[in-house]
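All of the numbers you see were taken from the coordinates with simple rules; none came from a lab. Being a predicted model, the structure only gives us computed values, none of them experimental. As a convention, Cβ positions derive from the backbone with ideal geometry for all residues, glycine included, and neighbour counts pool all protein chains shown.
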Amino acid sequence: MSISPSLIWTGFGLTDIGRVRKMNQDTFSIRDDLQLWVLADGMGGQAGGEIASQMAVDTITQYFETPPPSSNTNNSLQCQDEQHLLQALEFANQAIREKAEQNDAIRGMGTTVIAIRIISGPSGNQAIVAHAGDSRLYLLRENRFTLWTRDHTLMEERLALKLITPDQVRTHPLRHVLTKGLGIEPIVQPTITRYPLEPQDLLLLCSDGLTKMLTDQEIQAAMLKIGIPSQRLCESLITNANRLGGEDNTTVIVIGKERNRTEKTLHSSA
């Protein structure tokens, strides 16, 4: 995949163990050369969470290191892009489940995942986003701040059915119970969506360690105040999450369209 320096979107990421957990079970990968960014959050501090998240990130990244074959079906190229991302998650799901079956100590391990690929075409840049679980993707476009993903949680499903109110969700003891993820079921069913991008867009991927501690309004305020450089923004978000208690591992990736970036990724795995 050849990418013009003037067109490349670049990412910067940080991960932190937090103030409560004894292990960091978050993992992330930044591959600007592939226009691919992946974040995974091992489930709930359970045994094997760090293994599952690392396997998810590694498997998805490796899938795109060798260009996927084009489909022989009549699907459009647009559909093939989504299909490739789905297949990468399917491979990761299978690898995690097979690994768990080999060792009783990690049986049942799982992870959230969110992966984004940016592609260019006649209509401009587009983001293809696949996620399973409660790791999120936010967009800052000028002064508009939008959550581009919907959590795959039990409470989110009840909220959609109007069986519970948003205020009840925020304090419900089951608010972090996931309905989707990698390693949970034999067949993974992620949500895959395509979004048009604008040159000034700023994207934020994060694990729930951030959103447990900071409200959307607080995240938006930090992004508006700091923006680029991404390193300062990542450091600020994690510092604020830890200042408010740091109840979980926190991982953030910021993606923007910048030329001649020289920043380096820090702590790119659990």
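Positive end of the charge dipole of the chain (Lys, Arg +1 and Asp, Glu -1 on Cβ, about the Cα centre): tell me which of LEU159, LEU89, ILE228 has its Cα farthest that way. After comparing all options, I get ILE228. Whole-Hz Karplus values for the range 125-142 come out as 7, 9, 9, 9, 10, 10, 8, 9, x, 10, 6, 10, 10, 10, 10, 10, 10, 6 Hz, taken residue by residue from phi with 6.51 cos²θ - 1.76 cosθ + 1.60 and θ = phi - 60°; glycine and proline positions read x. As a proxy for reagent exposure, THR239, THR111 were ordered by neighbouring Cβ count within 10 angstrom, fewest first; the result is THR239, THR111.
Would you work out the relative contact order for the range 10-256, in percent, from Cα pairs under 8 angstrom that are 6 or more residues apart? The partial results should precede the final answer.
Details: 515 pairs, mean separation 65.7, N = 247.
Relative contact order comes out at 27 percent.
Around the Cα centre of the chain, unit charges on the Cβ atoms of Lys, Arg, Asp and Glu (plus for the first two, minus for the last two) sum to a dipole of about 480 debye. For the range 144-220, the set of trypsin sites (Lys or Arg not before Pro) satisfying both a DSSP loop assignment and a count of at most 14 other C-beta atoms within 10 Å is given as LYS162.
Spatially, the range 19-63 and the range 169-232 are offset by 14 Å when compared through their Cα centroids.
Only one residue of ALA115, GLN168, ILE30 has its Cα farthest out toward the positive end of the dipole of the chain, where Lys and Arg carry +1 and Asp and Glu -1 on Cβ, and that residue is GLN168. Here the Kirkwood formula, the inverse mean of 1/r across different C-alpha pairs, assigns the range 145-203 a hydrodynamic radius of 13.8 Å. Counting lysine pairs in the chain whose alpha carbons fall under 24 angstrom apart, excluding pairs fewer than 8 residues apart on the same chain, gives 9.
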